[in-house]
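One structure is given here, and the rest of the page talks about it.
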Amino acid sequence: MKYFWLGSLLSLLVSACSAPPVKQASSPVTIRWSRDPGTLDPLALSNPSALDAANLLHVALLSIDYQANAYAPALAQALPQIRSLGDSLTALDYELRSAASWDDGQPVLATDVDFTLKLLNCPGLPNEANRAQYGFIQEVRLDPANPRRFTLICRGRGEDITIASGDFPVLPESVLDPAHTLRYLSLAKLQAWPATQAPAPAVAALVQRYQQANLAREPSHLPGCGPYRLAAWETNHQLRFQRKTKWWADKLRPAPQVLQARPQELVFTVLPDDAAAALALRRHEVDVYPQVPARIFQQLQASTKAQAEFAFYSQPSYDILTAGFNTRRPALRDKRTRQALSYLFDPAGLSAATQLGQGRRTVGLLPPGSPFYNDSLPLPTLAPDRAVALLRQAGWQRRADGHWWQPGATSPLALNVRYRTEEATFATTALQFQTAAARVGIAVTLLPAESSALTNLLQTGDFDVYIRLIKGSPFSFNFATFLHSSTIGSGNITGFSTPLTDRLLLAIPTEGDARRKRLLLRRLQAVLRDEMPLLPLFYLPTRLVVNRRLQHVIPSGLKPGYALTALSWPAAANSN
Amino acid sequence: MPPRLFLLRTRPAARLALGWLLLLVIVGALAPWLPLPYAPTTPDLLQVAASPATSSGHYLGTDSLGRDVLAGLVAGARRLVLLTLPAVALAILLGTLAGAAAGFWGNRRLRLPLAAIGWALAATWWGLRLPGVAFLCGLLGISAALTLLTWRAARHPTGHRRYTCALPLDGMVLGIITLLGSVPRLILLVALAAGPPLATPQLLALLALLAWPEAARLVRGQMHWVRAQPFMEAAQASGLPLSRIWWRHALPHACRPLLAFGPLSLAGLVGLESALAFLGIGQGPDVVSWGSQLASVRHDTTAWWVAVFPGLALFLTLLALQKLAKLASSAVHK
Amino acid sequence: MWRWLFGRLARAAGFAWLITSLVFIVSRQLPGGPDQLAVADLSESGRLGAAAQAAGSQQVVRLAVRRRLGLELPVFYVTRAGGQWQWHGTANQYHHWAVAVLHGDLGRSYRDGQPVGTLLREALRFTLPLAASAAGLAAGLALGLGLYLARRPGSVGARLLGGLLNGLQVTPLFLLALGLLLLLANPEFLNLLPAAGQAPAASSGGHLVVYWLGRAALPLLSLVLTVLPELTLPLVANLRHEATTGYATTARAKGLPVGQMLRRHALPNALLPLLTTLTDLLPALVAGTVVVEVLFALPGSGRLLAEAAAAHDYPLVVAGVLLTALARLLGLLLADMLNFLIDPRLRPSA
């Protein structure tokens, strides 16, 4: 017995010290996740890990082509045909790929899409977020002549509707509703089902079947048409996904970028701590480390050994570090005061301090490379002198005690700043603003809050200045979600709105002509810069470190930061 | 007092310890007026996480937010003197009193007049504005009657235990300790974070509240032992009142484990501060403490100087306090 | 004795119930419930159209979440609204929860609908052995070190060791664990122990045991080193004090060696604070240690409960509180009983 333990210990030490095993083409690709997906219920995907996993198990009509950073047809044969129906409705004509089939060989049909949309709107299921998100799809019209053709009738107009209409995973009807009971209930009826009324018998039976399937933990009870199946799941530790030996998209020629699934096995290791994740990468326990923090990226790059073993990628994401002002506060109602405060932020210095200088500065809510970018506006800079001048213009007077007072006011200009606690970037930004403000005589209190509490505080308007990320995307210019007057109290945190911006915000997504669109967007950037409800500081970079031997690495500014299923190890013949 | 002074004079280690603590107090008191090159909360954006060797002007380097470590140490000393040490003292005081009382009187020995309970119940009823004025009036009446009865019974030589009931002191203290120990700290903090930011006195109270149970448990355990000692029986036999025995004879003996524990609990509290800073509750990054400095090394694990200097300062403080505690215990027992 | 034990146990159970009920009620008054989190997730995802962002539609989402989770009921039998007390009868959240718990059903997690009991049991499979062995090891080490340090107060070794223990005491757990991780599992320094790697695929039982032993080594070491000073230093102080008392001098005068005198006579008297601190560690056996679990990527109960608290997953949090409270009360009971066993004069009060 004694020798067994000794031997085991020795073998352990030897195995720990020995060189990392050579990866075969069929070896698993191991990826770091910062958290467990928690639930793989396709209706209740609430975090990035769960979305990643769902993309392996299921296929949507459209999905992101990370090479082009654009949406491409996945389950759909092509991007939908768009037709306008009157003022406020859009019809999208889709056709599914003829090769698309479920695991049992049955084809994926328009009835499956219809069923999925009804499931997304069915009362009694954990799909509340989906109901808000896909509520704009009013009706699914099936083509009686072709079971793969259908038309989605959507409320609203504009490009983001097209993308959103194909963004949900398509689920098989035959598993959850073999008797087709849901076909007799229209989508509109399900959407408008009163909360007080008991659910229809068909719905109640479906809800019960759904709950019994326990899809949160057992996604295999609802096999999707994606390339992988979940092979093992140890909560908070590891998930293994195995490639299906026969997957319908293998037969497609040429193989579309979005339907490639090269790794035979994908392993996600849950490592919440970044230092531990970096260590696991260096020990070759993890091959892909997405969303690397700046400092750790820098440390890894500084090591020659790591340089030889890993490939480093860094590029701008679509997340903008933004400071916002509560325009409902009397002190911040004047745009000149807000402009003055904007000169107390130092975007260049903050980018250097927090993002290794890789933050991309911007004048507005568009990236500098965009054709719609307003290059006639100057970049925001730190300029305390101009801040002082603007404060004077806004009617503030500096008294002997060094503070700024409005005539007749009972208290001087003093602000609080709210931001999320765990991010060092926010803390540095807040400290920098506090220091610059103190130098010109404005007292600033920092009030970091935990993330769920913060959302509540911001939505109820309990702040003067906030610092947070605004998540943009390359697909659409729908800024109405956080600037339009109709979203004050939820998405529009600053409480800012003018008739002009409201008009611009609604016109931009529906404008088809590129030249006019450019004018509208440039105008919007100029107006926002002048009114200064919020100040975009810079675009955060997204950083990726992968094992150097991995092939087909496609980094992207979009989450998760790379094309997951494109990765592969070199074939044995090529490896040295 | 001569023996103590003598000890101080003959032991250089004790003098060193006292010197360090004095230095801390002086630095803490004078922190805002010390001529330091940087303010503790001003980030140096060009030198983030700069090591002491490579940075210019930052003698002990900067942390991952660009704050000067030396200025942070000084600000942390001020905070230690103004907040942490008082919180430790408060926690130990609270813990000692609660633990000693619980251990001494247990659940049976402390008897309260029934009337007091009646009055307390009535006050609660009134304070919560519960409905039922008639009930409240009845309660008041019963309380008044009980007060009268107790007063009359007290005039009889044997009647002072009538109309009283035992106060389960031990159970109450243990209950509060268990409550504080079983609520996940995160829940507590989320609840606190939702409110307005904590001012220093509130933070002091919070830290003391989180730290007193340990002292209370130690003293309670020791008190059980003290109560079983022969000198306690002697004291009781001599007819001294219980409260006097508790205060004059039992308490000093029950406090003995605290001499070793007190300095440790300071370190524990700084650790708690570091946990609070790590969770970002209560105080923003513009309030620097040794604990928050220790926590900030998490953002950049190669910046050893961020943790080593406050860690060293804390270590020296702990050693100095232990030295003094040892001195005090030998002075008490000689 | 048995009657006393039974009484204490019953009281402990009552207390645990009271505490859990309190947490149940208070937690449901906190801002940022699961419905608000759902809305926050929705806003954060940034994929929404303006229609879904409008305040009205967020209200609808919140209502639907509350209804599905049964949160639209009043929290307790009576609530106070607008200066008036209202009686709700048994149609309240507390009543439903209490009835279910008495039937052995702790409820289901809000996040993934799994039974809370199963989730906790799975997490405890990792936490219990780890924390228990850490506590056992630390206690054993503390005894040995305490006796050694008390025997040779002035020696170089004792001073060094004392300094080391004090150094450990000022090191926060996360710093210690991080340091060990970077020192002992780093390809650039000593690559001795696995940190968070995968279990060997398709492995036999023996290999798996070795793998888990290797993985447990670093967390175990961190935990032992953190609690060691807290256990050892008071013990040393007590032993030294006992060594100065009359009975110790008598024992020494009879010719007993210092070591034996300390072990036989001083130790039982000096052990009380150690036992108290040790039984304090009992709740950590079930509540887990978040820091170590996060750093070493262990799927234990500390992470489970911390994540549940952050996500306002009340059923899980309340079950965690119930378990922790029970463990703490049992710890207190155990401390009293051990005190009694060591020194029969300390018959605990009923």
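The values are calculated or read from the model by the stated rules, or taken from the named source; none is laboratory data. Just so we're clear, the structure is a prediction, and the values are computed from it rather than from any experiment. For neighbour counting, all protein chains shown are included, and Cβ atoms are generated from backbone atoms with ideal geometry for every residue, glycine included.
Quick test of your reading of the structure: B:GLY19 fulfils all but one of (1) at pLDDT 85 or above; (2) small (Gly, Ala, Ser); (3) surrounded by 14 or more Cβ atoms within 10 Å (Cβ to Cβ); (4) in a helix (DSSP H, G or I). Name the failing condition by number.
Against the list (1) at pLDDT 85 or above; (2) small (Gly, Ala, Ser); (3) surrounded by 14 or more Cβ atoms within 10 Å (Cβ to Cβ); (4) in a helix (DSSP H, G or I), B:GLY19 comes up short only on (3).
Return the residues of region A:349-374 that are closer than 22 Å to A:ILE442 by Cα and surrounded by fewer than 23 Cβ atoms within 10 Å (Cβ to Cβ); say none if nothing qualifies.
Residue satisfying the conditions is A:GLY349 alone.
Hey, A:VAL286 hits all of (1) in a strand (DSSP E or B); (2) at pLDDT below 95 but one; which does it fall short on?
Here A:VAL286 clears every test but (1).
Restricting the search to region B:55-86, which residues are in contact with a strand residue (DSSP E or B) (Cβ under 8 Å, 6 or more places away or on another chain) and among the charged types (D, E, K, R)?
Result: B:ASP68, single match.
Tell me yes or no: at least one residue of region A:324-336 is within 13 Å of chain B (Cβ to nearest Cβ), in contact with a Ser or Thr (Cβ under 8 Å, 6 or more places away or on another chain) and closer than 23 Å to B:THR42 by Cα.
Within region A:324-336, not a single residue is within 13 Å of chain B (Cβ to nearest Cβ), in contact with a Ser or Thr (Cβ under 8 Å, 6 or more places away or on another chain) and closer than 23 Å to B:THR42 by Cα.
With the requirement that a residue be out of contact with any Phe, Trp or Tyr (no Cβ under 8 Å at 6 or more places or on another chain) and surrounded by fewer than 23 Cβ atoms within 10 Å (Cβ to Cβ), what does region A:120-132 give you?
Selection gives A:GLY124, A:ASN127, A:ARG131.
Restricting to region A:214-232, what's the tally of residues that are surrounded by 14 or more Cβ atoms within 10 Å (Cβ to Cβ), in the same structural domain as A:SER27 (by TED's automatic domain parsing) and free of Cβ contacts under 8 Å to residues at least 40 places away in the same chain?
1
So which residues in region A:185-210 are loosely packed, with under 15 Cβ neighbours inside 10 Å, closer than 25 Å to A:HIS221 by Cα and either of a type in the set (S, T, N, Q) or in contact (Cβ under 8 Å) with a residue 60 or more places away in the chain (or both), if there are any at all?
Once the filter is applied, which keeps residues that are loosely packed, with under 15 Cβ neighbours inside 10 Å, closer than 25 Å to A:HIS221 by Cα and either of a type in the set (S, T, N, Q) or in contact (Cβ under 8 Å) with a residue 60 or more places away in the chain (or both), region A:185-210 yields A:ALA204, A:GLN208.
Taking the residues in region C:225-283 that are hydrophobic (A, V, I, L, M, F, W, C) and not in a helix (DSSP H, G or I) as candidates, determine which candidate is nearest to the other protein chains (Cβ to nearest Cβ).
Step by step, filter region C:225-283, then rank; the result is C:LEU281.
Could you please let me know if A:ALA44 is over 27 Å from the mean Cα position of the chain (by Cα), in contact (Cβ under 8 Å) with a residue 12 or more places away in the chain and in a loop (DSSP other than H, G, I, E, B)?
Here the answer is no, as A:ALA44 does not meet what is asked.
If you check B:PRO230, B:PRO197, B:PRO263, which single one turns out to be under 25 Å from B:LEU83 (Cα atoms) and either modelled with pLDDT of 80 or more or at the interface with chain C (Cβ under 9 Å from one of its Cβ atoms) (or both)?
Of B:PRO230, B:PRO197, B:PRO263, the one residue that is under 25 Å from B:LEU83 (Cα atoms) and either modelled with pLDDT of 80 or more or at the interface with chain C (Cβ under 9 Å from one of its Cβ atoms) (or both) is B:PRO263.
Would you be able to say whether some residue in region C:61-68 is touching a residue at least 60 places away in the same chain (Cβ under 8 Å), of a type in the set (A, V, I, L, M, F, W, C) and buried (at least 18 other Cβ atoms within 10 Å of the Cβ)?
No, region C:61-68 contains no residue that is touching a residue at least 60 places away in the same chain (Cβ under 8 Å), of a type in the set (A, V, I, L, M, F, W, C) and buried (at least 18 other Cβ atoms within 10 Å of the Cβ).
Can you confirm whether region A:456-477 contains a residue that is out of contact with any strand residue (DSSP E or B) (no Cβ under 8 Å at 6 or more places or on another chain), surrounded by fewer than 22 Cβ atoms within 10 Å (Cβ to Cβ) and assigned to a helix (DSSP H, G or I)?
yes
For region A:342-383, enumerate the residues that are assigned to a helix (DSSP H, G or I) and more than 14 Å from chain B (Cβ to nearest Cβ).
A:SER342
Is region C:323-344 home to any residue that is over 28 Å from the mean Cα position of the chain (by Cα) and either surrounded by fewer than 23 Cβ atoms within 10 Å (Cβ to Cβ) or within 11 Å of chain B (Cβ to nearest Cβ) (or both)?
Among the residues of region C:323-344, at least one is over 28 Å from the mean Cα position of the chain (by Cα) and either surrounded by fewer than 23 Cβ atoms within 10 Å (Cβ to Cβ) or within 11 Å of chain B (Cβ to nearest Cβ) (or both), which makes the answer yes.
Tally up the residues in region C:99-144 that are more than 17 Å from the chain's Cα centre (by Cα), crowded, with 16+ Cβ neighbours inside 10 Å and farther than 30 Å from C:THR232 by Cα, please.
Residues meeting the conditions: 11.
Filter region A:256-299 down to the residues that are more than 14 Å from chain C (Cβ to nearest Cβ) and among the small types (Gly, Ala, Ser), then identify the one that is farthest from A:ALA563 (Cα to Cα).
A:ALA294
Would you check if A:THR487 is modelled with pLDDT of 90 or more and over 18 Å from the mean Cα position of the chain (by Cα)?
It is false that A:THR487 is modelled with pLDDT of 90 or more and over 18 Å from the mean Cα position of the chain (by Cα).
If only one of B:ALA102, B:ALA91, B:ALA87, B:ALA145 is more than 14 Å from every other protein chain (Cβ to nearest Cβ), farther than 30 Å from B:THR317 by Cβ and either assigned to a helix (DSSP H, G or I) or at pLDDT 90 or above (or both), which one is it?
None of the other options fit; the residue is B:ALA145.
In this structure, does A:LEU321 turn out to be more than 13 Å from every other protein chain (Cβ to nearest Cβ), outside any loop (DSSP other than H, G, I, E, B) and either in contact with a Gly (Cβ under 8 Å, 6 or more places away or on another chain) or of a type in the set (Lys, Arg) (or both)?
In short, yes.
Return the total of residues in region A:249-266 being in a strand (DSSP E or B) and surrounded by fewer than 23 Cβ atoms within 10 Å (Cβ to Cβ).
Total meeting the criteria: 1.
Take the conditions in a loop (DSSP other than H, G, I, E, B) and within 30 Å of A:THR481 (Cβ to Cβ) and apply them to C:ASP112. Does it pass?
yes
Working only within region C:95-119, note down all residues that are touching a residue at least 24 places away in the same chain (Cβ under 8 Å), touching a Gly at 6+ places or on another chain (Cβ under 7 Å) and within 12 Å of chain A (Cβ to nearest Cβ).
The one that is touching a residue at least 24 places away in the same chain (Cβ under 8 Å), touching a Gly at 6+ places or on another chain (Cβ under 7 Å) and within 12 Å of chain A (Cβ to nearest Cβ): C:ARG111.
Look through region A:153-171, keep the residues that are assigned to a helix (DSSP H, G or I) and of a type outside the set (A, V, I, L, M, F, W, C), and return whichever of them is modelled with the highest pLDDT.
Among residues in region A:153-171 that are assigned to a helix (DSSP H, G or I) and of a type outside the set (A, V, I, L, M, F, W, C), the one modelled with the highest pLDDT is A:SER165.
Here is a check on your reading of the model: is A:ALA323 touching a residue at least 12 places away in the same chain (Cβ under 8 Å), within 20 Å of the chain's Cα centre (by Cα) and not assigned by TED's automatic domain parsing to the domain that holds A:VAL546?
Yes: the conditions hold for A:ALA323.
What residue, among those in region A:489-539 that are free of Cβ contacts under 8 Å to residues at least 12 places away in the same chain, within 14 Å of another protein chain (Cβ to nearest Cβ) and not in a loop (DSSP other than H, G, I, E, B), is surrounded by the most Cβ atoms within 10 Å (Cβ to Cβ)?
Top of the filtered list is A:ASN492.
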